[in-house]
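The values are calculated or read from the model by the stated rules, or taken from the named source; none is laboratory data. These numbers come from a predicted model, not from an experiment. Note that we place each Cβ from the backbone using ideal geometry, even for glycine, and neighbour counts take in every protein chain shown.
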Amino acid sequence: MMEKMIFGRYVPAQSIIHRMDPRSKLILIFLFVCVVFIANNVYTYAALIIYTFAMILLSKVPVRFIIAGLKPVFLLVIFTLILHLFLTREGAIIFELGPITIYEEGLRQGIFISLRFFLLILMTSILTLTTTPIEITDGLETLLGPLKKVKFPVHELALMMSISLRFIPTLMGETDKIMKAQTARGVDFSGGPIKERVKAVIPLLIPLFVSSFKRAEELATAMEARGYRGGEGRTKYRQLSWRITDTMMLLLLAALSVILILLRT
Amino acid sequence: MDITLQNVEYRYQANTPFERLAIEDVSIDLPAGTFLALIGHTGSGKSTVLQHLNALIKPTKGTVKIGDTTITPNKKQKNLKHVRQRVGIVFQFPEHQLFEETVEKDICFGPMNFGVSEQEAKARARRAIQQVGLSEEILLKSPFELSGGQMRRVAIAGVLAMEPDVIVLDEPTAGLDPRGRQDIMNMFASLHQERNLSTVLVTHSMEDASRYADQIAIMHNGKVERKGTPAEIFSNPERLLELGLDVPEVVNLQHKLESAFGRKFAKTCLSMEDLAEEAMKLLKGGDSL
């Protein structure tokens with residue numbers, strides 16, 4: 001059941017997006033998050049959707065795979081939609097049934113906000129699907145580099161990030177393994193009343209915590225044994241290189257923002 | 001209880017870019033009372049086969065029959081508890097599954113999930129802890145203050161306390177010292193006999209496979225490469241060596257003796273005593289052979 005999760009997973013492929021500099025991808029995502037908020041009507045959202053799907057196509061990650069992996073997120077999106085539907089009380093009434101009233105503004109906002117949410121998740125998924133965790137942290141470390149001047153622990157932060165990203169799949173695998181072991185001992189993870197299900201989590205979580213702590217300790221020892229002493233004077237094996245495509249991609253996003261600003265009402 | 005795998009295929013993460021064929025066209029018969037050893041390299045699909053024995057995963061093709069329950073790719077199975085109660089799996093490094101405050105509670109966890117009363121579960125815990133060669137005092141300790149070997153035994157006791165009809169072992173002795181290995185294997189062998197269990201042992205040790213099993217299946221690249229009794233399997237060591245697998249010391253020695261004498265022995269010997277006897281026969285009455 002964990003098999004379809006796509007968070008923090010890298011799908012190797014040869015595509016323009018894969019070959020982009022992680023720095024430009026990070027900047028792109030950051031700007032995209034801002035740009036999304038410019039959109040406020042059908043045309044601007046249409047432009048955003050076209051842009052996002054163009055990115056998915058360029059990344060050569062199978063669309064079906066992304067959709068299947070985002071299933072848990074759909075729930076959240078639908079939840080947002082429903083909240084907006086019922087809690088916004090503006091505009092004309094379009095539907096009324098007993099205590100339930102749905103207003104036009106509620107429908108509009110619900111759709112737009114959940115769409116915004118969904119597009120953001122899609123774009124960030126493209127980032128993690130096409131960039132190895134190491135690239136992401138390398139990019140982040142150089143981008144945040146200037147902050148070192150004000151004693152901000154950039155290297156440590158990047159290291160923490162790369163370690164946690166690196167261990168997501170490991171933890172998933174471990175979860176799957178322990179789930180199977182406990183299922184074999186008669187735990188039912190998939191059915192039964194809520195109370196039972198909550199109880200079923202304990203035999204899963206405790207072994208996971210125990211092994212995570214153990215692993216953290218072993219990792220620390222292993223790093224020390226290999227002479228790790230923090231970021232001071234550490235050189236890089238992988239050099240980042242900014243290419244023309246990176247500039248082009250940023251220009252493309254700039255073009256999108258101009259279009260959005262022109263189309264917005 | 002009989003278990004049958006018929007042309008089973010399993011793909012991990014089907015329909016994703018990570019899709020990977022794990023096993024293909026695997027057919028294994030496991031009548032009650034069999035001791036089957038599954039041998040093969042890492043990644044040959046042994047562990048995947050093993051998870052089918054307890055319906056932890058559903059085949060992507062073929063059928064699995066566990067007792068009266070049939071599992072096919074498209075059928076939704078609601079309640080498999082009765083299957084899981086009767087087939088106990090000791091996973092690799094089973095000590096990772098311990099979680100309770102005390103050893104006793106942890107051992108009781110399985111049986112109580114299957115509806116055994118607390119009193120009965122505690123009685124079973126006492127029996128199980130003795131079976132795995134630990135003393136009863138350990139029952140009140142926390143599983144996390146035990147040594148690695150003790151934790152392994154406690155985890156095994158947790159499966160034994162479920163009193164399954166079929167016991168499936170995934171490299172139960174990996175990472176133990178030689179003495180611990182032998183203790184644990186001997187315990188499983190005697191359990192197998194006393195309780196008339198079916199046992200499936202996944203192992204890298206040819207010695208264990210030849211000593212304990214009465215059927216051996218060799219897995220290679222997700223397929224069952226050969227099946228047979230230990231004598232049949234080891235009578236043709238060249239094939240095993242081709243697959244990069246070892247043969248037991250005894251068989252090795254027999255082959256060396258055979259080439260030294262320039263003669264074949266009457267049978268493939270699986271213990272040193274057997275081999276000595278055969279060699280004696282050959283030396284004394286050599287002409288009759």
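Collect the residues in the stretch A:171-203 that are hydrophobic (A, V, I, L, M, F, W, C) and buried (at least 18 other Cβ atoms within 10 Å of the Cβ), keeping them in residue-number order.
A:I178, A:M179, A:A181, A:A184, A:V187, A:A200
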Worksheet entry | Subset tally (residues that are facing chain B (nearest Cβ under 10 Å) and of a type in the set (D, E)) for the stretch A:178-199 | 1
Item to complete: Give the stretch A:231-265 a look and list any residue that's assigned to a loop (DSSP other than H, G, I, E, B), under 30 Å from A:L28 (Cβ atoms) and not β-branched (V, I, T), or say none.
Response: A:G231, A:R234, A:K236, A:Y237, A:R238, A:Q239, A:L240, A:S241, A:W242, A:R243, A:R264
Fill in: Yes/no for B:F144 being crowded, with 19+ Cβ neighbours inside 10 Å and among the aromatic types (F, W, Y)
no
Practice prompt. Working carefully through the options A:L157, A:L129, A:L119, A:L147, find the one that is closer than 30 Å to A:L240 by Cα, in contact (Cβ under 8 Å) with a residue 40 or more places away in the chain and away from chain B (no Cβ under 14 Å).
Written response: A:L119
Item to complete: Say whether the condition of being under 26 Å from B:P164 (Cβ atoms), among the hydrophobic types (A, V, I, L, M, F, W, C) and within 14 Å of chain B (Cβ to nearest Cβ) is met by at least one residue in the stretch A:161-177.
Response: no
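For the stretch B:35-136, list the helices (runs of 4 or more DSSP H) that sit wholly inside it and hold at least 2 residues that are more than 23 Å from the chain's Cα centre (by Cα) and either within 11 Å of another protein chain (Cβ to nearest Cβ) or at pLDDT 90 or above (or both); which are they?
B:103-113, B:118-131
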Worksheet item: Looking at A:L58, A:L144, A:L87, A:L76, which is the one that is surrounded by fewer than 19 Cβ atoms within 10 Å (Cβ to Cβ), among the aliphatic types (A, V, I, L, M) and either closer than 24 Å to A:L256 by Cβ or touching a strand residue (DSSP E or B) at 6+ places or on another chain (Cβ under 8 Å) (or both)?
Response: A:L58
Item to complete: Taking the residues in the stretch B:244-280 that are under 26 Å from B:H220 (Cβ atoms) and in contact (Cβ under 8 Å) with a residue 60 or more places away in the chain as candidates, determine which candidate is farthest from the chain's Cα centre (by Cα).
Response: B:G244
Item to complete: Report yes if some residue within the stretch B:163-183 is within 14 Å of chain A (Cβ to nearest Cβ), hydrophobic (A, V, I, L, M, F, W, C), in contact (Cβ under 8 Å) with a residue 40 or more places away in the chain and in a helix (DSSP H, G or I); otherwise report no.
Response: no
Worksheet item: B:V154: within 14 Å of chain A (Cβ to nearest Cβ) and within 14 Å of B:A213 (Cα to Cα), yes or no?
Response: no
